[in-house]
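For reference, the structure is listed below as structure tokens.
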Amino acid sequence: MSIKNHYYYDESKCDFVPIEYNRVEQVVYNLSIWILSGVVLTGIGIILLSTYIGTPAELALKAENEALSAQLEETQSSLVSLDSQIDEIAQKDNELYRSVLGMEKLSYDERQAGIGGTDPYREFDVYSESTSELLKWTASKIDNLERKIGIQKLSFEEIKHQYNNNKERMSNIPAIKPTSGILLSGFGMRNHPILGYPRPHNGLDFRADVGDEVLSTGDAVVKFAGRQSTLGLVVILDHGHGYETMYAHLSGFAKGIKKGTRVTRGQQIAMAGDSGLSEGPHLHYEVHYKGQPVDPLYYLFANTSPEEYALFKEISETNQNALD
């Protein structure tokens, strides 16, 4: 860019004479114009960025907020999974521990322990709607989990107290696996392998080879030891307190096992087999309470790990075929 010509009036010549600039003045002029233009354009750019995009600090804060929101959403999934696990513990607490000890079950509403009154999370209303909902949900779920865990801890304390006051009864209640094999079939309607139609299956079928040890699941007195119809060789134990257990399809009885014999939990009472109407060697095991068959799965708590119990429960719920 060059300096435009400027003129002055020369009275002696009566004419307009152009002003002449040297090269230094020309360079200074051009630089001044470029610098001024750059400053103006930069200012305009900053104004546009601040208005429509944000300052660098605002952009960094926005990125940080997005990362925090993503983390909160992942936390939601973890909290939902944790809530489900606590509900499973509560169900086992009701159906197993409290049932076995004759304690009153805790209702769903009691375990929820909800809170009333005004909105305790209104402090989050200052944020955007989506952020506010996310924060409220997370805070509410955490509070709910804390209450559930607190109630479960109190429940376990009650169970512990009840157990300490009923140790003799607990030693009699069937509470262990009757053999070491894995569960093959569960309690309820099952397809009979030989008769070919569904019918009530009043116990559990465990994998066992002929001759495998069969154990008493609680302290008891032998009520019956002999052959019983399609069940083959059978041992029935009377545990008192309304409980009886039955072990069927046996190949023989342990030494000294006969009516009136006293046995203790974990003592061998028989050998597994394939007697009676059976598809193959296994142990059929039943638990009766006050004359009615109940699901023995709920009584496998003394020597069954949580992982093994979960596996047994899955097999019981999915396998619709029995071995007898």
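The values are calculated or read from the model by the stated rules, or taken from the named source; none is laboratory data. For clarity, every value in this text was computed on a predicted model and none was experimentally measured. Note: ideal-geometry Cβ built from the backbone for every residue, glycine included; neighbour counts use all protein chains shown.
Key figures for this structure:
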quantity: Those residues of the stretch 241-252 which are surrounded by fewer than 21 Cβ atoms within 10 Å (Cβ to Cβ) and over 11 Å from VAL222 (Cα atoms), in sequence order; calculated: HIS241, GLY242, SER251, GLY252
quantity: Those residues of the stretch 286-324 which are in contact with a helix residue (DSSP H, G or I) (Cβ under 6 Å, 6 or more places away or on another chain) and of a type in the set (Ser, Thr, Tyr), in sequence order; calculated: TYR298, SER316
quantity: Those residues of the stretch 245-283 which are part of a loop (DSSP other than H, G, I, E, B) and over 38 Å from the mean Cα position of the chain (by Cα), in sequence order; calculated: ALA254, LYS255, GLY256, ILE257, LYS258, LYS259, GLY260, THR261, ASP274, SER275, GLY276, LEU277
quantity: Filter pass, VAL126 being of a type outside the set (S, T, N, Q) and touching a Gly at 6+ places or on another chain (Cβ under 6 Å); calculated: no
quantity: The listed residue being at pLDDT below 90 and exposed (fewer than 14 other Cβ atoms within 10 Å of the Cβ), out of GLY196, GLY211, GLY188; calculated: GLY196
quantity: In the stretch 140-180, the residues that are small (Gly, Ala, Ser), outside any helix (DSSP H, G or I) and crowded, with 17+ Cβ neighbours inside 10 Å; calculated: ALA175
quantity: Index of the failed condition, ILE269 passing every other in (1) crowded, with 19+ Cβ neighbours inside 10 Å; (2) out of contact with any Ser or Thr (no Cβ under 7 Å at 6 or more places or on another chain); (3) touching a residue at least 40 places away in the same chain (Cβ under 8 Å); (4) among the β-branched types (Val, Ile, Thr); calculated: (2)
quantity: The one condition in (1) touching a helix residue (DSSP H, G or I) at 6+ places or on another chain (Cβ under 9 Å); (2) modelled with pLDDT of 75 or more; (3) hydroxyl-bearing (Ser, Thr, Tyr) that SER171 fails to fulfil; calculated: (1)
quantity: Residue check for LEU297: within 18 Å of ARG190 (Cα to Cα), of a type in the set (A, V, I, L, M, F, W, C), surrounded by 16 or more Cβ atoms within 10 Å (Cβ to Cβ) and in the same structural domain as VAL235 (by TED's automatic domain parsing); calculated: yes
